[in-house]
Amino acid sequence: MLIELGASRPPRIVSTRPDAAKVLLGKTAEEVLATVPLVFTLCGNAQSLAASLACRAALGLGGETEADAGLRMSVVLESLREHCWRILLDWPALVGRPPDKAALAALMGLDRQYKSALLDDAEAVNAASGLPGNRFAVDRIRAELLALLDHAVFGENLTGWRQLASEADLLAWLVGQNCIAAAVIGALYRWDWLVLGRTEPAWLPELASGEWFEYLAARDLDRFGREPDWQGVCCESTPLSRQRRHPLLAELLARYGNGLLARFVAVLTEVAKLVDYVAVGEPPPRMADAFGADAGGLARVEAARGLLMHWVEFAAGRVVDYRVIAPTEWNCRPGAVLAQGLRALTALDPESLRRQTAWWLQAIDPCVPYRLALDET
């Protein structure tokens, strides 16, 4: 993805992402489920779950399998890992700190152990695979993971973060903290960047897969795949859109809008909630579902950065159409929240614009590599 910025013109975002779903055309459902993890490696568990649910719905195969149930928890852990990867690796650079490589290495090691303990075959999950039920190992890994993130992200005050219900609570939580969460939030207050990037929000509605199936069935799928919308409106699907009803976020949105403060707090709030789901071994309600009719199926999965949808159509047992609409399509299309926020930045010189842009890109977190081209004239 190319992001072009200049003081005298609006931001321009050019997607260079190929339509990788075309490799699934002509395949059977079994071949699709074997291929998806190899082609869609970012948030691969969410992609695998979406593919399995969509194919089963299209073929009328009924409820989810044991493998799907295991994948739901793997998606929870995957979302936690993706958020914490950014927090430990990229957030420190925003405030002049080195990345926390030790915590990141420990996180990745626990992630691998969890998948190995939970899934019978972590390399090729399909509708026929099952769960080994290695409960002792899973419980140990969960405990180690929660202790790691409590220390590395929340400065051993995750319990205090869970209790935040107002901005006053947030400001009190920051006192005496030196963790990365406090450093980033504190910097926004010191630099008065609380509203930076604020726009008029357009939240993606929380629809079930059946509603999305009906909506997409009447759409031009080529166009929708490039520039998705809901009833003609360019909506955002982000951690902030998911967490906006939390009491702390509701107050911050009312006071500062959907700028940097609300977005970074939303990521941390989502991390705290995901930690709780991992602790009890249960995925969030309505994290994923699917609907099928007339040999077509649609699955929706809440992935780390937003809503992921898979649309599939079969004829004579083989795929004749397959679409993947990832969070990038919602948030980074022309006129979407990424471009809107870039347009709202307040920097007056090239160096300040680079800094503000780096913060905004971290807040939105596009799930594709990007290159920033800054016109300094």
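The values are calculated or read from the model by the stated rules, or taken from the named source; none is laboratory data. Because the structure is a prediction, the values reported are computed rather than measured. Cβ atoms come from the backbone with ideal geometry, glycine included; neighbour counts cover every protein chain shown. Please note that ligands, DNA and RNA were not included when accessible areas were found on the heavy atoms of the full protein model with its side chains. Shrake-Rupley method; radii C 1.70, N 1.55, O 1.52, S 1.80 Å.
Results, tabulated for the structure shown:
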quantity: Arg255 being over 20 Å from the mean Cα position of the chain (by Cα) and at pLDDT below 95; calculated: no
quantity: Qualifying positions in the range 207-244 - charged (D, E, K, R) and closer than 16 Å to Arg286 by Cα; calculated: Glu211, Arg242
quantity: Residue in the range 162-176 that is crowded, with 20+ Cβ neighbours inside 10 Å and within 21 Å of the chain's Cα centre (by Cα) present; calculated: no
quantity: Candidates Gly155, Gly210 - the one that is at positive phi and either at pLDDT 95 or above or within 24 Å of the chain's Cα centre (by Cα) (or both); calculated: Gly155
quantity: Unmet requirement for Pro99, which otherwise passes all of (1) touching a Phe, Trp or Tyr at 6+ places or on another chain (Cβ under 9 Å); (2) over 27 Å from Asp289 (Cβ atoms); (3) buried (at least 18 other Cβ atoms within 10 Å of the Cβ); (4) at pLDDT 95 or above; calculated: (3)
quantity: Selection count, the range 215-238, where residues are touching a residue at least 24 places away in the same chain (Cβ under 8 Å), in a helix (DSSP H, G or I) and open to solvent by 30 Å² or more (accessible area, probe 1.4 Å); calculated: 2
quantity: Test: Leu307 is touching a residue at least 40 places away in the same chain (Cβ under 8 Å), of a type outside the set (Gly, Ala, Ser), under 22 Å from Arg263 (Cβ atoms) and open to solvent by less than 10 Å² (accessible area, probe 1.4 Å); calculated: yes
quantity: Whichever residue in the range 293-304 is open to solvent by 30 Å² or more (accessible area, probe 1.4 Å) and in contact (Cβ under 8 Å) with a residue 40 or more places away in the chain and, among such residues, is nearest to the chain's Cα centre (by Cα); calculated: Glu302
quantity: Number of positions in the range 165-181 that are of a type in the set (A, V, I, L, M, F, W, C), assigned to a helix (DSSP H, G or I), in contact (Cβ under 8 Å) with a residue 24 or more places away in the chain and farther than 13 Å from Thr269 by Cα; calculated: 1
quantity: Scope the range 346-377; condition within 23 Å of Gly306 (Cα to Cα) and assigned to a loop (DSSP other than H, G, I, E, B); matching residues; calculated: Asp365, Pro366, Cys367, Val368, Pro369, Tyr370
quantity: Enumeration of residues in the range 182-214 that are touching a Leu at 6+ places or on another chain (Cβ under 8 Å), hydrophobic (A, V, I, L, M, F, W, C) and either outside any loop (DSSP other than H, G, I, E, B) or surrounded by fewer than 16 Cβ atoms within 10 Å (Cβ to Cβ) (or both); calculated: Ala182, Val184, Ile185, Ala187, Leu188, Trp212, Phe213
quantity: Pick from the range 312-359, criterion without any contact (Cβ under 8 Å) to a residue 24 or more places away in the chain and open to solvent by 40 Å² or more (accessible area, probe 1.4 Å), ranking: nearest to Ser209 (Cα to Cα); calculated: Ala315
quantity: Scan of the range 239-260 for residues that are under 17 Å from Val195 (Cβ atoms) and assigned to a loop (DSSP other than H, G, I, E, B), ordered by number; calculated: Arg244, Gly257, Asn258, Gly259
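Yes/no matrix, rows are residues, columns are (1) over 27 Å from Gly341 (Cβ atoms); (2) at pLDDT below 95; (3) not β-branched (Val, Ile, Thr):
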position: Arg226; (1), (2), (3): no, yes, yes
position: Pro239; (1), (2), (3): no, no, yes
position: Glu282; (1), (2), (3): yes, yes, yes
position: Leu298; (1), (2), (3): yes, no, yes
position: Val312; (1), (2), (3): yes, no, no
position: Val319; (1), (2), (3): yes, no, no
